[in-house]
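So the structure is just underneath, and the comments pick up after that.
Every number here is computed from the coordinates shown, using simple stated rules; none is lab data. Note that the structure is a prediction, hence the values are computed from the model and not measured. Here the Cβ is made from the backbone with ideal geometry for all residues, glycine too, and neighbour counts use every protein chain on show.
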Amino acid sequence: MAIVVRIDVELAKRKMSVGEFAERVGLTPANVAVLKNGRAKAVRFSTLEAMCRVLNCQPGDLLEFVPDEEEAS
């Protein structure tokens, strides 16, 4: 997968639990887990905006493009 989700890194920096984050963003903890584990197929801009607002960060702090090995060569 070329897009890596870094929510766990940002949560750890802020010592924020998944439960607190989910509540403040307006998601279920299960949906946060789907995002954290990279199983989400899409993210609404409104959700991304809420996550950035809660974590006081930029979208690039939460999402990173990492080329697949075959693309890198």
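Structure summary
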| read-out | value |
| --- | --- |
| Efficiency of FRET from Cβ geometry, residue 23 and residue 66, R₀ 35 Å, rounded to 0.05 | 0.70 |
| Residues with amide H under 5 Å from that of residue 63, placed H, sequence gap 5 or more | 6 |
| Fully extended contour minus Cα-Cα distance, from residue 9 to residue 39, at 0.36 nm per residue | 9.1 nm |
| Cα long-axis angle, helix 45-55 against the chain (0 to 90 degrees, to the nearest 10) | 70 degrees |
| Separation of the residue 16 and residue 57 label points, Cα + 7 Å toward Cβ, nm | 0.9 nm |
